[in-house]
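Trainee: The structure follows.
Read-outs: derived from the displayed coordinates by stated rules, not from any lab. Computed from a prediction, not measured in an experiment: that's the story for all the values here. Positions of Cβ are backbone-derived with ideal geometry, glycine not excepted, and every protein chain shown enters the neighbour counts.
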Amino acid sequence: MTATIIDGKAFAARVREQVAEHVKRLKTDHGIKPGLAVVLVGEDPASQVYVRSKGKMTVEVGMNSVEHKLDADTSEADLLSLIDQLNNDPEIHGILVQLPLPKHLDEDLVINSVAPEKDVDGFHISNVGLLGTGQKSMVPCTPLGCLMMLRDHHGSLSGMDAVVIGRSNIVGKPMAQLLLGDSCTVTIAHSRTKDLADVVRRADIVVAAVGRPEMVPGDWIKPGATVIDVGINRIERDGKNKLVGDADFDSCAAVAGAITPVPGGVGPMTIACLLANTVTACCRANG
Ligand code: GUN
């Protein structure tokens with residue numbers, strides 16, 4: 001079998017078009033322009049790339065983009081003061097504090113200082129609780145993008161066996177909640193899981209979110225299963241710098257029914273969902 005390639009790049013472009021139309025309507029009908037503030041502390045090169053790309057796409061869909069770049073040694077008090085200022089700024093509807101933060105900053109404290117209604121990352125403890133209890137919340141962007149691709153490919157996910165590999169607060173745990181919400185039977189696997197290969201072999205849906213290059217081989221995949229690869233890993237191969245996922249693409253694609261590529265799968269969907277969440281936050285703020 002050769003898998004259908006789920007084209008996240010094309011899907012994300014369609015989502016951004018819909019966001020742009022919504023932004024246009026907000027402007028013409030209500031005179032409102034959604035605004036997204038991104039806060040970057042320090043000079044992590046990968047974070048700088050993400051933040052630049054988020055800013056560019058925010059502007060492309062017609063929204064205001066505000067970037068706050070702070071020194072790596074910024075104090076917690078100064079960061080919290082900036083977040084407070086953004087929480088109280090009526091022109092800012094979404095706030096994203098880029099992670100990871102430098103070690104001297106308390107990540108939980110910072111995340112929970114963002115107003116829940118502006119928390120477009122969906123990381124605030126209120127949003128985590130709302131998602132876990134099936135209530136209206138801000139949903140983390142990467143898992144939301146994965147869910148949209150799965151729904152688009154399968155229609156209903158009801159009754160499917162899903163295995164999420166990885167238990168991070170950013171991807172693994174919210175992904176499991178979303179799949180449960182769509183009536184999947186969900187297993188969360190992680191570094192201590194016994195017989196991981198056997199666990200993965202039972203799955204109709206495999207979401208790989210461990211951050212280990214090409215860790216999932218094709219012989220772990222049930223024939224016809226769908227593989228959603230969240231990994232973005234840089235490796236050296238044949239003297240070249242290459243981007244690979246957490247799944248071994250070629251061997252998985254030979255067995256799976258569908259698979260997301262890296263790059264061009266989950267990555268573009270994450271930013272598209274961030275823009276969609278910002279519009280949602282803006283609409284909720286304006287009744
Ligand atoms: N760092 C890596 N992924 C993310 C994300 O989705 N949101 C934020 N704020 N930081 C990240």
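Trainee: Relative contact order for the chain using alpha-carbon pairs under 8 Å, separation at least 6, rounded to a whole percent? Before the final figure, lay out each step's value.
Mentor: On the way: 579 pairs, mean separation 65.0, N = 287.
It comes to 23 percent, rounded to a whole number.
Trainee: Between the helical axis of 141-154 and the dominant principal axis of the chain, each derived from Cα atoms, what acute angle in degrees is found, rounded to the nearest 10?
Mentor: With rounding to tens, the tilt is 50 degrees.
Trainee: Rounded to the nearest 500, what is the chain's calculated 222 nm mean residue ellipticity when only DSSP H runs of at least 4 contribute -39500 (n - 2.57) each, over all residues?
Mentor: Only helices count here, giving -13000 deg cm²/dmol.
Trainee: Right, next: Between the DSSP loop rule and a limit of at most 11 other Cβ atoms within 10 Å, which GluC sites (Glu not before Pro) in the stretch 1-92 are left?
Mentor: Sites meeting the loop and neighbour criteria: Glu43.
Trainee: I need the shape label for the stretch 31-117. Rule: rounded when a/c is under 1.5, else prolate if a/b > b/c, else oblate, with a, b, c from the alpha carbon gyration tensor. Can you show the working numbers first?
Mentor: Working: a/c = 2.34, a/b = 1.30, b/c = 1.80.
Cα axes put the stretch 31-117 in the oblate bin.
Trainee: So if I place +1 on the C-beta of Lys and Arg and -1 on the C-beta of Asp and Glu, and nothing else carries charge, what would the dipole magnitude of the chain be about its Cα centre? I want it in debye, nearest 20.
Mentor: The dipole magnitude comes to about 640 debye.
Trainee: Between Leu86, Leu243, Leu180, find the one with the highest GNM mean-square fluctuation for the chain; connect C-alpha pairs within less than 10 Å.
Mentor: Ranking Leu86, Leu243, Leu180 by mean-square fluctuation puts Leu243 first.
Trainee: By how many degrees, 0 to 90 and rounded to 10, does the Cα axis of helix 76-87 deviate from the longest principal axis of the chain?
Mentor: 80 degrees
Trainee: As I understand it, the value is the acute angle between the Cα axis of helix 45-60 and the longest principal axis of the Cα atoms of the chain; what does it come to in degrees, rounded to 10?
Mentor: 70 degrees
Trainee: Something else: Quick one: order Ser137, Ser183, Ser158 by neighbouring beta-carbon count within 10 Å, fewest to most.
Mentor: The most exposed by this proxy come first: Ser158, Ser183, Ser137.
Trainee: Right, something else. Relative contact order of the stretch 74-212, please, whole-number percent, based on alpha carbon pairs below 8 angstrom and at least 6 residues apart. The partial results should precede the final answer.
Mentor: Working: 188 pairs, mean separation 25.0, N = 139.
So the answer I get is 18 percent.
Trainee: Assign unit charges at the C-beta atoms only (+1 for Lys and Arg, -1 for Asp and Glu), then state the dipole size of the stretch 141-266 relative to its Cα centre in Debye, rounded to the nearest 20.
Mentor: Roughly 340 debye for the stretch 141-266.
Trainee: Which trypsin sites (Lys or Arg not before Pro) in the stretch 176-262 sit in a loop by DSSP (not H, G, I, E or B) and have at most 16 other Cβ atoms within 10 Å of their own Cβ?
Mentor: Sites meeting the loop and neighbour criteria: Arg192, Lys194, Arg202.
Trainee: Using the Cα centre as the reference, give the magnitude of the dipole from point charges on the C-beta atoms of the stretch 37-112 (Lys, Arg: +1; Asp, Glu: -1; all else neutral), rounded to the nearest 20 debye.
Mentor: Working: 5 positive and 14 negative charges, 81 e Å.
Taking the Cα centre of the stretch 37-112 as origin, the dipole is about 400 debye.
Trainee: In whole percent, what relative contact order does the stretch 207-286 give with Cα contacts below 8 Å and a gap of six or more residues?
Mentor: Relative CO of the stretch 207-286 lands at 32 percent.
Trainee: Kindly flag which residue pairs out of Lys136/Lys173; Lys24/Lys54; Lys69/Lys173 have an alpha-carbon separation exceeding 26 Å in this structure.
Mentor: In this structure, Lys69/Lys173 lie more than 26 Å apart at Cα.
Trainee: Which residue, Ala77, Asn127, Gly94, has the largest displacement toward the positive end of the dipole of the stretch 72-143 when charges sit on each Cβ (Lys, Arg +1; Asp, Glu -1)?
Mentor: Checked the options; the winner is Asn127.
Trainee: Which distance in Å, rounded to a whole number, links the C-alpha centroids of the stretch 258-287 and the stretch 67-145?
Mentor: Each part reduced to its Cα centre gives a spacing of 16 Å.
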